[in-house]
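This report concerns only the one structure given below.
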Amino acid sequence: MSNLALKEPLKNLSHSLHIFPTDLDLKFFKAMELNEDHQGVRVLRQFQRPLKEGGHPLGFAGKFKPEIVQLVELIAPEATSAYYSPNTFKKHHAQKKSVCTVTSVFLDIDINTEEVAAVEHRINIVEEILKIAGLPIPTAIIDSGSGLHLYYIFDEHLFVNNPKIISLIERLQGVMIDLFNSAAKQFKDDIYADNSRKNINGLLRIPCSRNKGREVHCVQFNAGAFTDHQTLIDDLLPPYDPTKVEKAAYARKQAKAGKNIKQISNLNTLNVARVNDLLKLLKLRNYDLPNLRNTFLHILASQLVHHATNNKLEMLSEANDSLLRPLNQKKVNIIWTSAQRGEYLYKNRTIIEKLHITSVELKNLNQLTPLTQKEKRQLKKEEKKARKQLVITLIQAEKTNNEIVEKTGVSKRTIQRIRKEIII
């Protein structure tokens with residue numbers, strides 16, 4: 001990486017463009033030199049008019065140089081736009097993650113009215129707005145051709161060794177933009193700070209270039225207005241409130257814990273229901289599982305791993321002991337060790353297939369069902385419809401309410417309602 005110290009006077013490089021740097025331009029560039037211990041490169045971009053009809057209106061030249069002074073060599077007389085990065089990067093890419101050194105914070109002031117075309121008038125209005133906004137005097141003001149760029153150059157450039165620095169500087173720049181725009185509303189002129197320019201990796205027009213025929217120059221430089229970035233942060237950003245930060249951190253931790261608790265709770269509830277169904281299935285089969293003992297115990301053990309109880313192995317051993325032909329304890333221990341790896345998360349369909357659970361058995365089980373919630377609702381509707389049709393058939397057969405209750409299990413009140421519907 002190259003040191004960006006200014007080594008040559010601009011006046012020797014701009015004669016071909018007939019753009020002569022002013023004393024203020026030279027002071028500005030001198031102030032933007034990097035400290036000796038800070039490194040980095042500046043991104044330079046130049047847009048040119050198309051050489052022939054049909055070309056792109058802004059042809060990207062893509063020329064990069066490590067020193068500010070050398071940009072002037074790149075600007076051709078037909079150039080319409082030339083930009084550079086006030087801050088530096090580790091590579092020739094204007095990417096936020098590559099920011100190396102922060103030299104300043106800046107405001108890009110747009111003035112969309114002809115009434116304030118004179119530079120002096122624009123500066124006066126902007127200074128008045130800064131006063132109302134409670135913002136300090138900028139180190140330098142650049143006439144960009146259509147607006148003003150306000151630079152708050154740091155007395156000690158900030159080396160970026162932590163992403164939090166980038167976030168902090170962008171917050172500072174965003175607050176300054178908001179303060180300026182709030183104060184600017186008191187003026188009838190259309191003046192505002194560009195809110196899109198709060199990014200630390202932004203590019204601005206460079207002095208000694210042209211903007212639609214107008215020269216870009218530094219028009220004000222305050223040698224005594226270098227900015228202490230920490231003072232600026234302390235004055236403009238909300239004070240650090242450790243209590244608030246701790247509360248926010250605690251809230252995030254609780255939210256995360258709550259989510260985990262909910263997940264664990266749901267998983268535990270699911271597996272408790274499955275364990276109950278498996279033990280019930282054992283009872284339905286009279287504790288006889290020919291050729292399915294190992295499979296059954298492994299599935300049961302896999303559910304017990306996520307069970308909230310502490311005596312999981314004891315529950316597995318008791319289930320094994322209840323079998324007509326139980327396995328020896330050594331094999332049970334091996335099954336338990338295998339299940340503890342947590343690799344087996346059986347689905348209902350898999351359990352039904354492996355244990356050959358019949359549809360009759362499923363009716364007696366609560367959790368082990370291959371049906372989705374939608375299928376369950378549809379099945380209930382169909383069962384309800386079938387029961388109603390059966391009640392209607394029995395009513396038409398002149399059966400009494402008590403007889404229909406015994407055959408269908410439907411309440412007398414429901415039977416009486418159905419009778420009225422038939423009569424109507």
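Right, Asn162: touching a Lys or Arg at 6+ places or on another chain (Cβ under 9 Å) and modelled with pLDDT under 90 or not? So Asn162 fails the test.
For segment 151-161, name all the residues that are surrounded by 15 or more Cβ atoms within 10 Å (Cβ to Cβ) and either part of a loop (DSSP other than H, G, I, E, B) or in contact with a Cys (Cβ under 6 Å, 6 or more places away or on another chain) (or both). If the condition is that a residue be surrounded by 15 or more Cβ atoms within 10 Å (Cβ to Cβ) and either part of a loop (DSSP other than H, G, I, E, B) or in contact with a Cys (Cβ under 6 Å, 6 or more places away or on another chain) (or both), then Val160 is the only one that fits. Within the option set Lys330, Lys347, being modelled with pLDDT of 85 or more and exposed (fewer than 13 other Cβ atoms within 10 Å of the Cβ) holds for one residue only, Lys330. Restricting attention to segment 70-80, does a residue exist that is in the same structural domain as Val175 (by TED's automatic domain parsing) and modelled with pLDDT of 75 or more? Looking for residues that are in the same structural domain as Val175 (by TED's automatic domain parsing) and modelled with pLDDT of 75 or more, one finds none in segment 70-80, hence no.
Among the residues of segment 231-243, is there at least one that is aliphatic (A, V, I, L, M) and either at pLDDT below 85 or assigned to a loop (DSSP other than H, G, I, E, B) (or both)?
Step one: of segment 231-243, the residues aliphatic (A, V, I, L, M) are 232-233, 236-237.
Adding the requirement that they be either at pLDDT below 85 or assigned to a loop (DSSP other than H, G, I, E, B) (or both) leaves 237.
Scanning segment 231-243 turns up at least one residue that is aliphatic (A, V, I, L, M) and either at pLDDT below 85 or assigned to a loop (DSSP other than H, G, I, E, B) (or both).
Table: residues versus (1) of a type in the set (Lys, Arg); (2) without any contact (Cβ under 8 Å) to a residue 24 or more places away in the chain; (3) buried (at least 18 other Cβ atoms within 10 Å of the Cβ); (4) in contact with a helix residue (DSSP H, G or I) (Cβ under 7 Å, 6 or more places away or on another chain).
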{"site": "Phe187", "(1), (2), (3), (4)": "no, no, no, yes"}
{"site": "Lys198", "(1), (2), (3), (4)": "yes, no, yes, yes"}
{"site": "Arg205", "(1), (2), (3), (4)": "yes, no, yes, no"}
{"site": "Cys208", "(1), (2), (3), (4)": "no, no, yes, yes"}
{"site": "Val216", "(1), (2), (3), (4)": "no, no, yes, no"}
{"site": "Asn222", "(1), (2), (3), (4)": "no, no, no, no"}
{"site": "Ala225", "(1), (2), (3), (4)": "no, no, no, no"}
{"site": "Gln230", "(1), (2), (3), (4)": "no, yes, no, no"}
{"site": "Pro238", "(1), (2), (3), (4)": "no, yes, no, no"}
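Within the set Asn199, Asn195, the sole residue that is within 27 Å of the chain's Cα centre (by Cα), at pLDDT 85 or above, of a type outside the set (Lys, Arg) and in the same structural domain as Lys97 (by TED's automatic domain parsing) turns out to be Asn199. Residues in segment 162-188 that are outside any helix (DSSP H, G or I) and either hydrophobic (A, V, I, L, M, F, W, C) or over 21 Å from the mean Cα position of the chain (by Cα) (or both): Lys185, Gln186, Phe187, Lys188.
The values are calculated or read from the model by the stated rules, or taken from the named source; none is laboratory data. Remember, predicted model here, so these are calculated numbers, not experimental data. All Cβ positions, glycine included, derive from the backbone under ideal geometry; neighbour counts span all protein chains shown.
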